Every structure is written in C-alpha cells, then in structure tokens.
Amino acid sequence: MRGCRFRAKTSRGRQDADHSARTPTPMAKRRIKQRKRIPRGRFLVRWLILAVFGFVAFLYYQPLRSYVDTNDAVEQRAAEVESLRAERRSLERRLAEADTPEALAREARRLGYVKPGERLFIVKGIDAWRRAQALKAKHTDRR
C-alpha cells in the first residue's frame, strides 16, 4: 500500500505512530517520577520554615491587636477633647457676654425687675394672641 495516508490500527483503535509517541519509555517514567519528588530534607526544611513563620505571626498577633485597639481609643479621646474644647470656648464667650451691663439689664428684665421710676405692666395671654395672629396670616396668604 504505497502512498497510503492511513496507518494500520492496533487492537485498541489507536494508530501505531500515535501510540508510540504518547507512551514514555520506562527510563523516561523514572525521570518524571524523580523530577516530581522533593527530597525529604527539603520537604522538612520547607515545613519548618512555614512553622516558624506561623509561630512568629502568632507572637505578633496580640501586640498588634493591642496597638490597634489603643490607637482607636486615642482617636476617640482626641475627638472628645476637641468637643470639650469647643464647649469651653462657647461657655467662655457666654460668660464674657454676661459680664456686660446690657446683659445684666436684659437678665434683670427677664426676671421681672424694673428700673427706678418705671411702671411694671403684666400682660397675659400673649402666646394665645400670637397663635391667633399666625392663623390670620395663614388664611390671608391662601386667598
């Protein structure tokens, strides 16, 4: 069968050329096994290095967690200190304003005191009058 492009098939249905190209020789099989296998010493050294790394990570865990927690607490305290400083500035400003004669007179009038020679008039029902005025204003705006 000269010039035939097909080869004879084996009992398994594969071509002879393909079968011999895919199947490694016994010597090649040994080389493949030898390449895949890591020497026992290297294997143990790798596990030992991994174990040491894990142990060091374990030793660093607690101090690192403590550091992070402390850092968070410091940030919270700093925010609290800043809010207290702002409150203090506000109170100091109010205190400075309360020491003026105008503020003292305003507070005295709020308590019901009058200056000598003035007459005190007490007007009742101002809140009800204001509510009635607000209702009137709303009704006139709608029209």
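Of the residues Arg31, Arg77, Arg85, Arg65, only one is surrounded by 10 or more Cβ atoms within 10 Å (Cβ to Cβ), modelled with pLDDT under 85 and either in contact with a Cys (Cβ under 7 Å, 6 or more places away or on another chain) or assigned to a helix (DSSP H, G or I) (or both); which? Outline the logic, then answer.
Values: Arg77 fails: modelled with pLDDT under 85; Arg85 fails: modelled with pLDDT under 85; Arg65 fails: modelled with pLDDT under 85.
After ruling out the rest, the residue left standing is Arg31.
Residue under question is Leu95, and the condition is that it be aliphatic (A, V, I, L, M) and at pLDDT 90 or above; does it hold?
When the stated conditions are applied, Leu95 passes them.
The values are calculated or read from the model by the stated rules, or taken from the named source; none is laboratory data. Computed from a predicted structure; not experimentally measured. As a convention, Cβ positions derive from the backbone with ideal geometry for all residues, glycine included, and neighbour counts pool all protein chains shown.
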